[in-house]
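Values in this text are rule-based calculations from the coordinates and carry no lab data. Please read all numbers here as calculations on a predicted model, not as lab measurements. Neighbour counts run over all protein chains shown; Cβ positions are idealised from the backbone, glycine included.
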Number of protein chains: 2
Amino acid sequence: MYFLLKFAPLFLAVSVCHGWLFGDFVGKQKELDEISLWPLPQKFQSSAVAFKLSPARFQIVYAKESSAGPSCSLLENAFRRYFEYMFGDLKKHEKSRKKASDSDLVELKVWITAADPECDGYPSLQTDESYELTVDAPSAVLKAANVWGALRGLETFSQLVYEDDYGVNNINKTDISDFPRFAHRGILLDSSRHFLPLKVILANLEAMAMNKFNVFHWHIVDDPSFPYISRTFPELSQKGAYHPFTHVYTPSDVKMVIEFARMRGIRVIPEFDTPGHTQSWGNGIKDLLTPCYSGSTPSGTFGPVNPILNSSYEFMAQFFKEISTVFPDAYIHLGGDEVDFSCWKSNPDVRKFMEQQGFGTDYSKLESFYIQRLLDIVAATKKGYMVWQEVFDNGVKLKADTKIHVWKERPQYQDEMAQVTAAGFSALLSTPWYLNRINYGQDWENIYKPDPQNFTGTDAQKKLVIGGEACLWGEYVDATNLTPRLWPRASAVAERLWSDKSVTDVNKAYNRLTKHRCRMVKRGIPAEPLFVGHCRHEYKGL
Amino acid sequence: MYFLLKFAPLFLAVSVCHGWLFGDFVGKQKELDEISLWPLPQKFQSSAVAFKLSPARFQIVYAKESSAGPSCSLLENAFRRYFEYMFGDLKKHEKSRKKASDSDLVELKVWITAADPECDGYPSLQTDESYELTVDAPSAVLKAANVWGALRGLETFSQLVYEDDYGVNNINKTDISDFPRFAHRGILLDSSRHFLPLKVILANLEAMAMNKFNVFHWHIVDDPSFPYISRTFPELSQKGAYHPFTHVYTPSDVKMVIEFARMRGIRVIPEFDTPGHTQSWGNGIKDLLTPCYSGSTPSGTFGPVNPILNSSYEFMAQFFKEISTVFPDAYIHLGGDEVDFSCWKSNPDVRKFMEQQGFGTDYSKLESFYIQRLLDIVAATKKGYMVWQEVFDNGVKLKADTKIHVWKERPQYQDEMAQVTAAGFSALLSTPWYLNRINYGQDWENIYKPDPQNFTGTDAQKKLVIGGEACLWGEYVDATNLTPRLWPRASAVAERLWSDKSVTDVNKAYNRLTKHRCRMVKRGIPAEPLFVGHCRHEYKGL
């Protein structure tokens, strides 16, 4: 159940002298069973020597060399959060005057090494999330360049703590050196097909942090509803939301999501998908969508964004100018998937435009024409963009730093990953991780196995894989069932994207994931069970 | 979207004179859209004439002819419950002194007609659940023989109430005459594979009442754990539960479940499945299970209940004597499914016994030998019994009133239903309703379609079909995900078992069920969405 990666031969030798434990350790299984790191760190060694943690004495403090101190509210907030995860409600614990024993771990020293700890910054694709963690009495030390690595290390530290038979928190002597395999590890939630109340989004951001996810891909609007309140075009949500007051995200809601995510080292990348998937946009913005025709007369229904009107691009310029200021991340997801050409084909003005442009009857050229202009508009806001794979497949000219999001099952996603990276673009994978799709039984195994670099290509191509995202499309989920459907199935993706590629043993993963799921439950996340069994601390909600 | 069953031609004529609405009424669709009865009553007619209900004035009272009055705590409790479902928290509403207008519905008169209203009784398989409901200003009248029919009518009345655009509760002039198609309409929950906290069970009993289910089949123990605290054999749960204090049902928990169910007209039928599915029993009771052998020596593992020892039967006699007093229902479910013969075959004492009894190598004869003795033991407690179909399939001699529970997929359940009823036994169906099995998409349709009487047989055979049960086995569900996985999928079974057999239109059902699901959500049940959309009152929990 335990792993020692990469440096196993080295540590094997050392272990004889120092009593370190690693690999499938015989005899000490019970103590080690209590530990259940998820996702598994890159380098990890643990000893049978255990220290006790007293909630009345244990503290998380700053190392004296640390560039971040008590004025770093992101870390202060994280210290409180992890203290509560480990010891429960703070108020219950009064400080003790009794002296700690020699077998106590009395503090975790957090040592931020970079000149700028980034306390008030935002995480990015370039963020260094690595950390080093040493647990030994009387102090544990967590060392990271900046707050983002410290957040990951705090999660790991809290996962090392386990209750013994007396209910006392213990932690074993441990050395960890850790960093993510992929820089982009995301979850897509869809707040259009069903509105997701703020507290559902926030709870899932908490669960994401427990799994070291670092991107919340917010598929915020789509055909069925437009819950985003735009300051520039308030009629979009007034006319396009399920309800203009109860089923919308206000500017302050959006700010809260972004800040809540930031505090957990999570980027918020909004998706405003065009030109398809825009039915709800058409309610508020006249002439934005293409009028479909039935023979020679308008049918009263509408298709994708109308690509032949200048007004469409003027709208997009204003709209994305707002979006670029509301969302601090360097990237916006522009969608571009599943454009249905039938409406465009039915419209005589569109057909005429096609002729004028010399597109013949190839409507993917019209789609590219639209996307090309949109990309130029967004590039002018200084944002980078992500797009679904169709945009690449259709040969649209893309900025070099465009991220191509692979999602289609046919042709094989491995071929698409190879083609995208062969063309020199960064790719991220979602095809095997459409978690809205459910099956009876332990389907987490099929989520766990796929590797985003498992395609035929050069090392340079493999390096262009920046990660992946678990997607929970909203047809069948809302506040009633979203969280247990996502967790712990998304945890399988979390380990695939964080841990070393050699971490593939499903049986070992099952044991750790079962405990990790119980830990999420203990922390208030209604993560569903993997199989028959129970948790020491069961879910207390309904 | 509206139905008028059986008497449609008659009412068609009448409607011209009196303005009754029925069938797919054109023009009045909007008002009628607000109504969403589930399960659909047997006979139903509604008019466009609407009355208003004021929470400050509306009352549920007893008709002066009613045999039940304010001393009937079951009804008092139900009045309060349905008042809250319709108007929200009671405390918010002070009585008004203003006079009601002519378009107000000021009261629902409940009229119990039987000499014994059964206020303190328990529902049974013979219970008359029929009721008649007339809504007209100033009073609605709900007439039923006893409290059980009144409970069903109260649910229907509350479903007729809808909010208009001002948020005012309205109800249309309506006549309903209703009764269930089948007498046994159950839900099986499994509290062994995962422990189910009391509040999860109670919430699901509430949801059952909203769907007119009347049997809670409590699959309370099984291989993985034994959460039932037995007064006679406390070691069963002490040794067999996941945890002897936190993962058990105390006698008072069991009483509470039974009483909570009774208040909602729901029978509690416990299942203590033997001789298989008993691994957890063996922890507490020495020699109860068959020791398995590896060659000529005991392997240390155990199989089904040991059928060759008298002590096994002595234990069962004492145990079921307790069960027969703890659970008031006339029936106990004795299981009898999936007996694995391999352990019996491995055991030399069992083989010797087989020889002595002249069973040859037919271990189903040994199984029948055990079951036969068990049935005699349980019959002595004056209880009737239900068994899984294997007991019938193996030719065990059964009391005439035994209920055979059909669950296997092969051979076809239709053949099994035919064989069971041809042999003169009552049958109930679960095969198509294993709701633990999930599929992506709108799988409620496949749950909705099967009809338990859809097999080749005589009218007399069809009459022996007493109903069915939706089963939610516990491998993959616990408090985190059970309720949204069960609802509204189980609602599809509810309508199949209550409404007329002609009610089969999936599109019409979709519209009603979508609203019924929102109603459950409004009442605090986290029933999952059928598809894209929203509810006026979304789920407020996490």
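Report relative contact order for segment A:168-236 in percent, whole number only (criteria: Cα-Cα under 8 Å, sequence separation at least 6).
On the way: 59 pairs, mean separation 25.1, N = 69.
Answer for segment A:168-236 is 36 percent.
Within segment A:482-513, which residues have the backbone N less than 19 Å from the label spot 7 Å out from B:D443 along Cα→beta-carbon, could you tell me?
A:482-490
Using a Förster radius of 45 Å, what is the FRET efficiency between B:A48 and B:E259 based on their Cβ-Cβ separation? Nearest 0.05, please.
Using R0 = 45 Å, I get an efficiency of 0.60.
In whole Å, how far is the Cα centre of segment A:234-269 from that of segment B:38-99?
Centre-to-centre (Cα) distance: 40 Å.
How far is A:V506 from itself in the other copies, in nm, if each label sits 7 Å out from Cα along the Cα-Cβ line, shortest first?
3.2
Run through the DSSP bridge list for the protein assembly as shown and note the antiparallel percent, rounded to the nearest 5.
35 percent
Please give the residues of segment A:52-80, grouped as numeric ranges, whose backbone N is less than 18 Å from a label point set 7 Å along the Cα-to-Cβ vector of A:A115.
A:65-69
Put a point 7 Å out from Cα along the line to Cβ at A:T325; what are the distances to that point in the other copies, in nm, shortest first?
Those label-point separations list as 7.8 nm.
Based on Cβ point charges of +1 for Lys and Arg and -1 for Asp and Glu, what charge dipole magnitude is obtained for chain A about its Cα centre, in debye rounded to the nearest 20?
Result for chain A is approximately 1100 debye, rounded to the nearest 20.
Using only alpha carbon pairs under 8 Å that are at least six residues apart, calculate the relative contact order of segment B:318-470 and give it in whole percent.
20 percent
In which sequence would B:F315, B:F216 go, from the one with the fewest C-beta neighbours within 10 Å to the one with the most?
Taking fewest neighbouring Cβ atoms as first place, the list is B:F315, B:F216.
Any idea what the relative contact order of chain B is, in percent, if you count C-alpha pairs under 8 Å spaced at least 6 apart?
In percent, rounded to a whole number, it is 14.
At A:V141 and A:L309, where each label point lies 7 Å from the Cα along Cα→Cβ, what is the point-to-point distance in nanometres?
Label at A:V141, label at A:L309, 6.5 nm between them.
Compute the helix-to-body angle for B:73-87: its Cα long axis versus the longest principal axis of chain B, expressed 0 to 90° and rounded to tens.
Tilt relative to chain B: about 60 degrees.
Quick one: work out the % antiparallel among DSSP beta bridges in segment A:176-331, nearest 5.
Here the antiparallel bridges make up roughly 25 percent for segment A:176-331.
How long is the gain from B:E76 to B:V168 if the chain were fully straight, where each residue apart is worth 0.36 nm and the alpha carbon distance is subtracted?
Gain on stretching B:E76 to B:V168: 30.7 nm.
Based on alpha-carbon centroids, what's the gap between segment B:475-542 and segment B:183-226 in Å, whole number please?
After rounding, the separation between the Cα centres reads 17 Å.
Once both labels are modelled 7 Å past Cα along the beta-carbon direction, what's the B:K98-B:E65 spacing in nm?
My value for the distance between the label points is 3.4 nm.
Hey, if you put +1 on the Cβ of every Lys and Arg and -1 on every Asp and Glu Cβ in chain B, which of B:F83, B:S294, B:W407 ends up farthest toward the positive end of that dipole?
The listed residue farthest towards the positive side: B:F83.
At a Förster radius of 60 Å, what calculated FRET efficiency corresponds to the Cβ-Cβ distance of A:K199 and B:T361, to the nearest 0.05?
E between A:K199 and B:T361, to the nearest 0.05, is 0.45.
Would you work out which of A:Y166, A:A137, A:L189 lies farthest towards the positive end of the dipole of segment A:135-248? Charges go on Cβ: Lys and Arg +1, Asp and Glu -1.
Toward the positive end, the furthest listed residue is A:L189.
Please list, in order along segment A:363-373, the HN-Hα scalar couplings obtained from phi with the Karplus expression 6.51 cos²θ - 1.76 cosθ + 1.60 (θ = phi - 60°), rounded to whole Hz, x for Gly and Pro.
6, 5, 5, 5, 4, 5, 4, 5, 4, 4, 5
If I model a spin label at B:N511 and B:T325 as a point 7 Å from the Cα along the Cα→Cβ vector, what separation in nanometres do I get?
Going from the B:N511 label point to the B:T325 one covers 5.6 nm.
Measuring from the lowest to the highest alpha carbon on each principal axis, how far does segment B:316-376 reach, largest first, in angstroms?
Between the extreme Cα coordinates on each principal axis of segment B:316-376 lie 40, 21, 16 Å.
Could you bin all the Cα-Cα distances of chain B into 20 Å bins starting at 0 and give me the percent of pairs in each, rounded to whole numbers?
Whole-percent P(r) values from 0 Å outward: 21, 52, 23, 5, 0.
Please list, or write none, the aspartates and glutamates whose alpha carbon is within less than 16 Å of the alpha carbon of B:K345, excluding same-chain residues fewer than 8 places away.
Candidates past the 8-residue exclusion: B:E355, B:D362, B:E367.
Rounded to the nearest 5, what % of the DSSP beta bridges within chain B are antiparallel ones?
On the way: 25 of 68 bridges.
Of those bridges, close to 35 percent are antiparallel.
Less than 17 Å apart at the alpha-carbon level, and either on another chain or at least 8 residues along: which lysines does that give for A:K98?
Cα-Cα hits under 17 Å: A:K52.
For chain B, find the longest principal axis of its Cα atoms and tell me its angle to the long axis of helix B:251-262, 0 to 90°, nearest 10.
Roughly 40 degrees, rounded to the nearest 10.
Compute the whole-percent fraction of alpha carbon pairs in segment B:430-517 spaced more than 18 Å apart.
Result for the distance tail: 47 percent.
Given charges of +1 on the Cβ of Lys and Arg and -1 on the Cβ of Asp and Glu, with all other atoms neutral, how large is the dipole of segment A:360-439 about its Cα centre, in debye to the nearest 20? Walk me through the intermediate numbers first.
On the way: 10 positive and 9 negative charges, 59 e Å.
With Lys and Arg at +1 and Asp and Glu at -1, about 280 debye.
If we count other beta carbons within 10 Å of each Cβ, what is the order of A:E367, B:E475, fewest first?
Final ranking by Cβ density, sparse to dense: B:E475, A:E367.
How many nanometers, to one decimal and shortest first, lie between the label point of A:F179 and those of its other copies, if labels sit 7 Å from Cα toward Cβ?
Inter-copy label distances (nm, one decimal, shortest first): 7.7.
Roughly how many whole Å is it from the C-alpha centroid of segment B:280-348 to that of segment B:361-391?
12 Å
What Kirkwood hydrodynamic radius do you get for the protein assembly as shown when you take the inverse of the mean 1/r over all pairs of distinct Cα atoms, in Å? Write out the running numbers ahead of the final one.
On the way: mean 1/r = 0.0307 Å⁻¹.
Evaluated over the protein assembly as shown, this radius sits at 32.6 Å.
Could you give the dipole magnitude of segment A:187-237 about its Cα centre, charging the beta-carbon of Lys and Arg +1 and that of Asp and Glu -1, in debye to the nearest 20?
Working: 4 positive and 5 negative charges, 41 e Å.
Approximately 200 debye in magnitude.
Set the bar at 21 Å for Cα to Cα. Now go through A:K212/A:K540; A:K540/B:K239; B:K43/B:K212; A:K255/A:K408; A:K173/A:K522; A:K352/A:K397 and name every pair that lies beyond it.
Cα-Cα > 21 Å for A:K212/A:K540; A:K540/B:K239; A:K255/A:K408; A:K173/A:K522; A:K352/A:K397; rest within.
Step through the residues of segment B:307-323 one at a time and calculate ³J(HN,Hα) from phi using the Karplus curve (6.51 cos²θ - 1.76 cosθ + 1.60, θ = phi - 60°), rounding each to whole Hz and writing x for Gly and Pro.
Working through the residues one at a time gives x, 9, 9, 4, 4, 4, 6, 5, 4, 4, 4, 5, 5, 6, 4, 4, 4 Hz.
Identify, among B:P529, A:L236, B:Q356, the residue whose Cα sits farthest towards the positive end of the charge dipole of the protein assembly as shown, taking +1 on the Cβ of Lys and Arg and -1 on the Cβ of Asp and Glu, with the dipole about the Cα centre.
A:L236
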